[in-house]
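Engineer: Once you've had a glance at the structure underneath, I'll fire off some questions.
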Amino acid sequence: MTTPASRQFRDAYAAHRAAEGRGAGGEAELLALPYLVEGPLARAWRVRARSYDALVRWLPPSSRRILDLGAGNGWLCYRLTRLGHRPTAVDVRTDTVDGLAAGAPYANHVPTMFDRVAATFATLPFADRSAHLAIFNAALHYADDLACALREAARVVRAGGHLVILDSPCYEDAADGEAMLREKRAKGAARFGADAPVLLAPAYVEFLTPARLAAASEPHGLVWRRHRVRYPLWYELRPWIARWRGRRAPSRFDLWTAEVP
């Protein structure tokens with residue numbers, strides 16, 4: 001359901017993403033993702049490019065019907081389409097910063113433009129067992145209810161298909177995730193400015209842990225496998241640096257897959 005509060009959040013979030021420089025590179029940036037090498041976000045995308053490479057190595061080579069959940073501008077759908085798959089971009093945001101509307105230029109570079117659908121994780125407008133894969137694309141931590149999001153994704157994926165988690169922060173210990181949240185709230189005004197109350201209001205999942213993921217998945221018969229991704233050296237050194245400085249452990253991304261029973 002779209003409410004004034006949710007619309008306000010999406011508008012504020014789009015403005016924040018634009019201020020970060022997202023979408024500033026236009027069509028050239030869209031076509032480069034996730035292999036962005038210039039601009040203020042290039043460092044973060046170097047990490048995400050490693051996750052994407054791991055996903056491609058894991059994906060079956062034959063064509064698959066794929067739901068890209070939290071698709072943003074649709075960069076993953078563009079890449080998957082070029083690999084011969086049949087993806088659909090799903091996101092609650094439709095703005096031209098890096099929401100669904102921002103992906104319109106991809107139509108000029110694929111034989112058939114992938115579908116773009118505005119929807120929440122809780123109410124996916126797809127038939128039962130209609131997809132081979134559902135990929136939470138840097139997005140599962142934005143779910144309001146982890147168990148609900150997993151249940152709905154499992155509903156639309158056929159038996160023997162898979163759910164995939166790509167680029168959501170995971171901590172081994174929930175205490176480190178809670179510490180991250182306290183830091184985020186403490187720095188909210190400096191990071192988000194006047195929009196801080198709006199952007200910090202939603203009660204999202206925010207982070208995963210293996211235990212949290214297992215507890216939310218067990219009722220749906222989902223057993224997750226973690227595929228360790230080899231990230232850039234500076235990323236891999238973060239736990240050691242944090243320990244040396246007496247700080248909380250950082251999150252990791254990695255690739256997670258679960259077969260749908």
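The values are calculated or read from the model by the stated rules, or taken from the named source; none is laboratory data. As the structure is a prediction and not an experimental result, all values here were calculated from the model. When we count neighbours, we look across all protein chains shown, and the Cβ atoms used for this are built from the backbone with ideal geometry, even at glycine. Side chains are part of the model used for accessible areas, which takes the heavy atoms of the whole protein and leaves out ligands, DNA and RNA. Shrake-Rupley method; radii C 1.70, N 1.55, O 1.52, S 1.80 Å.
Engineer: For region 136-230, count all C-alpha to C-alpha pairs, find those more than 16 Å apart, and express that count as a whole percent of the total.
Structural biologist: 61 percent
Engineer: Rounded, prolate or oblate: which one fits the chain, using the alpha carbon gyration tensor with axes a ≥ b ≥ c (rounded when a/c is under 1.5, else prolate when a/b beats b/c, else oblate)?
Structural biologist: rounded
Engineer: Can you figure out the FRET efficiency of Ala201 with Ala119, using R₀ = 22 Å and their beta-carbon distance, to the nearest 0.05?
Structural biologist: With a Förster radius of 22 Å, E is 0.55.
Engineer: Sort the following peptides by mean Cβ neighbour count (other Cβ atoms within 10 Å, averaged over residues), highest first: 184-191, 117-124, 86-93, 216-223.
Structural biologist: By packing density, highest mean first, the sequence is 86-93, 117-124, 216-223, 184-191.
Engineer: If you count the DSSP beta bridges with both ends in the chain, what percent of them are antiparallel, to the nearest 5?
Structural biologist: Within the chain, antiparallel bridges account for around 35 percent of the total.
Engineer: Let me ask something additional. Rank by packing, highest mean first: peptides 65-73, 131-139, 159-167, with packing defined as the count of other Cβ atoms within 10 Å averaged across residues.
Structural biologist: Top to bottom by mean Cβ count within 10 Å: 65-73, 131-139, 159-167.
Engineer: What distance in nm lies between label points placed 7 Å from Cα along the C-beta direction at Ala19 and Ala186?
Structural biologist: Result: 2.1 nm between the two label points.
Engineer: When a/c reaches 1.5 or more, the comparison of a/b and b/c decides; with that in mind, is region 40-99 rounded, prolate or oblate per its Cα gyration tensor? Let's see the in-between values first.
Structural biologist: Details: a/c = 2.51, a/b = 1.18, b/c = 2.13.
Oblate is the answer for region 40-99, as a/c is 1.5 or above yet b/c matches or exceeds a/b.
Engineer: I'd like the distance between the alpha-carbon centres of region 208-261 and region 129-172, rounded to an integer number of Å.
Structural biologist: 15 Å
Engineer: Sticking with this structure for a sec: Using θ = phi - 60° and the Karplus relation 6.51 cos²θ - 1.76 cosθ + 1.60, list the HN-Hα couplings for region 134-151 in order, rounded to whole Hz, with x at every Gly or Pro.
Structural biologist: Result, ordered by residue: 10, 10, 7, 9, 6, 9, 4, 5, 8, 5, 6, 9, 5, 4, 5, 4, 5, 4 Hz.
Engineer: What does the accessible area per residue of region 170-261 come to in Å², with a 1.4 Å probe and no ligands, DNA or RNA counted?
Structural biologist: 60 Å²
Engineer: Which value in nm describes the separation of the simple spin-label points at Arg230 and Ala242, placed 7 Å from the Cα toward the beta carbon?
Structural biologist: In this crude label model, Arg230 to Ala242 measures out at 2.3 nm.
Engineer: Could you calculate the contour length gain from Val110 to Ser6, that is, 0.36 nm times the residue separation minus the distance between their Cα atoms, to one decimal place in nm?
Structural biologist: Fully extending the segment from Val110 to Ser6 adds 34.2 nm.
Engineer: What percentage of the solvent-accessible surface of region 181-228, computed with a 1.4 Å probe over protein heavy atoms, is contributed by carbon and sulfur atoms?
Structural biologist: Carbon plus sulfur share of accessible area: 55 percent.
Engineer: A follow-up question, please. Averaged per residue, what accessible surface does region 58-129 expose to a 1.4 Å probe, in Å²?
Structural biologist: Averaged over the residues of region 58-129, the accessible area is 42 Å².
Engineer: Oh, and also: ³J(HN,Hα) across region 174-187 via Karplus (A = 6.51, B = -1.76, C = 1.60, θ = phi - 60°), whole Hz, x for Gly/Pro?
Structural biologist: 4, 4, 5, x, 5, 5, 4, 5, 4, 5, 4, 5, 5, 9
Engineer: Which order do Trp256, Trp240 take by accessible area at a 1.4 Å probe, largest first?
Structural biologist: Result, largest first: Trp240, Trp256.
Engineer: Where does the charge balance sit around Asp95 when Lys and Arg score +1, Asp and Glu -1, over other residues with C-beta under 9 Å from its C-beta?
Structural biologist: Numbers: positive: Arg10, Arg17, Arg93; negative: Asp11, Asp98.
Here the charged neighbours net out to +1.
Engineer: Can I ask one more? Report the FRET efficiency, 1/(1 + (r/R0)^6), for Glu27 and Arg155, where r is their Cβ-Cβ distance and R0 is 45 Å, rounded to 0.05.
Structural biologist: 0.80
Engineer: Per residue and in cubic angstrom, what volume does the convex hull of the Cα atoms of region 1-153 have?
Structural biologist: About 111 Å³ per residue, rounded to a whole number.
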